[in-house]
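Worksheet: one structure, shown below.
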Amino acid sequence: MSTMSQRSQLTDSKTWRVVGRRPGQGRRRATTPNEDRNLVLTARRYRNINATLLQQHLRSATGTTISTQTVRNRLHAVGLHAHRPMVCVRLTSRHRRDRREWATEHVNWRRNEWSNILFSDESRFSVYPDNRRIFIWRDRGSRINPAFAHESVRFGGGGVLVYGGISIDGRTDLYIIREGPLTARRYRDEFLIPIVVPYAAAIGDDFILMDDNCRPHRANLLEDFLFKEGIVRMEWPGCSPDMNPIEHVWDALGRRVAGRQLPPQTLQELERALLEEWDRIPQLVINSIIDSMLQRCSTLLAVLGNHTPY
């Protein structure tokens, strides 16, 4: 046999070994279809179980040891991905009923009616935000499912407490709330008289104040004061922060402060950053958030007063 033909046979043999892989050759799959189903059923049954515990569960049930990445791959294949649960307040049957009634009353409001409302609230910001992350296994599009929500009663923690209000084509100044409890008298003297009353005068007789149902806001002292000033207060369903558009503005403010080139390291720096970034939030962003009120009311009716994705 000539040297040329030997080289040709050798080359053909190497090419076959690289390209022509025989059936059954290659890396063996780490799990069987039954084991894959076991992982998926366990993740659906225990939504907050992590990949490590799923790995241990499979080993104890079948004797098969796989990596945590393989666990994630099997769950991703059926559409299950780890997400943080939606944090929301606890709702009772009365809350759901009140929320439905409120949405029914306002679902047909137009933009000019929403433009008369000042959405106000207090919020707390921290120098060192809580970065703990809790994940659950859920399908896409199931974020507002009550089974996957983490309910809490009240938030707390140190930091800077602020007060502000937003409306279509306007906003109040951001007010830093200094040390001390927030009482009805303090709410009137520090917020309503210097901030809300002038704002109401600028809008006119159609002005409506929206504040939530926390105890200092609903004292008889304030009811009398608002009546004398001719300020109408919007009836607000309890436990409904998802319906208050200012919550999204607070979120945007927190993101802007955290994303600064030099994030604040002290409370004084945090106060200064909050005041600066509050004024820099584009008014178009605030307007678009308030314009979502029609969709919020429709969604609230669709879920029968339960949690909404807002």
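The values are calculated or read from the model by the stated rules, or taken from the named source; none is laboratory data. Just so it is clear, the model here is predicted, and its values are computed rather than measured. Backbone-built Cβ (ideal geometry, glycine too); neighbour counts: all protein chains shown. Just the protein is used for accessible areas: all its heavy atoms, side chains included, with ligands, DNA and RNA removed. Shrake-Rupley method; radii C 1.70, N 1.55, O 1.52, S 1.80 Å.
Could you check the range 71-90 and list, in sequence order, the residues that are more than 22 Å from E247 (Cβ to Cβ), β-branched (V, I, T) and surrounded by fewer than 17 Cβ atoms within 10 Å (Cβ to Cβ)? Passing the criteria: only V78.
Among helices (runs of 4 or more DSSP H) entirely within the range 41-118, having at least 3 residues that are touching a residue at least 60 places away in the same chain (Cβ under 8 Å) singles out 93-106.
Figure legend. Inter-residue proximity from the range 250-261: first residues over 17 Å from D121 (Cβ atoms), second residues part of a helix (DSSP H, G or I) and open to solvent by 60 Å² or more (accessible area, probe 1.4 Å), beta-carbon distance below 6 Å, spacing 6+ or different chains. No pairs are indicated.
If only residues of the range 1-59 that are in contact with a Phe, Trp or Tyr (Cβ under 9 Å, 6 or more places away or on another chain) and open to solvent by 100 Å² or more (accessible area, probe 1.4 Å) are counted, the one that is modelled with the lowest pLDDT is N48.
Which one is least open to solvent (accessible area, probe 1.4 Å) among residues in the range 188-229 that are modelled with pLDDT under 95 and in a loop (DSSP other than H, G, I, E, B)? My answer is D211.
If you go through the range 154-173 one residue at a time, do you hit one that is assigned to a strand (DSSP E or B) and open to solvent by 60 Å² or more (accessible area, probe 1.4 Å)? No, the range 154-173 contains no residue that is assigned to a strand (DSSP E or B) and open to solvent by 60 Å² or more (accessible area, probe 1.4 Å).
For (1) under 21 Å from Y310 (Cβ atoms); (2) more than 29 Å from the chain's Cα centre (by Cα), each residue gets a yes or a no:
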{"position": "R178", "(1), (2)": "no, no"}
{"position": "V196", "(1), (2)": "no, no"}
{"position": "I208", "(1), (2)": "yes, no"}
{"position": "H217", "(1), (2)": "no, no"}
{"position": "F225", "(1), (2)": "no, yes"}
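Under 25 Å from P181 (Cα atoms), touching a His at 6+ places or on another chain (Cβ under 8 Å) and open to solvent by less than 30 Å² (accessible area, probe 1.4 Å): is that true of G238 in this structure? Yes. Right, V107: open to solvent by less than 40 Å² (accessible area, probe 1.4 Å) and either at pLDDT 90 or above or of a type in the set (G, A, S) (or both) or not? For V107, the condition - open to solvent by less than 40 Å² (accessible area, probe 1.4 Å) and either at pLDDT 90 or above or of a type in the set (G, A, S) (or both) - is met. Every condition in (1) over 30 Å from L304 (Cα atoms); (2) open to solvent by 80 Å² or more (accessible area, probe 1.4 Å) is met by S93 except one, and the failing one is (1).
The one condition from (1) assigned to a loop (DSSP other than H, G, I, E, B); (2) open to solvent by 70 Å² or more (accessible area, probe 1.4 Å) that H307 does not meet is (2).
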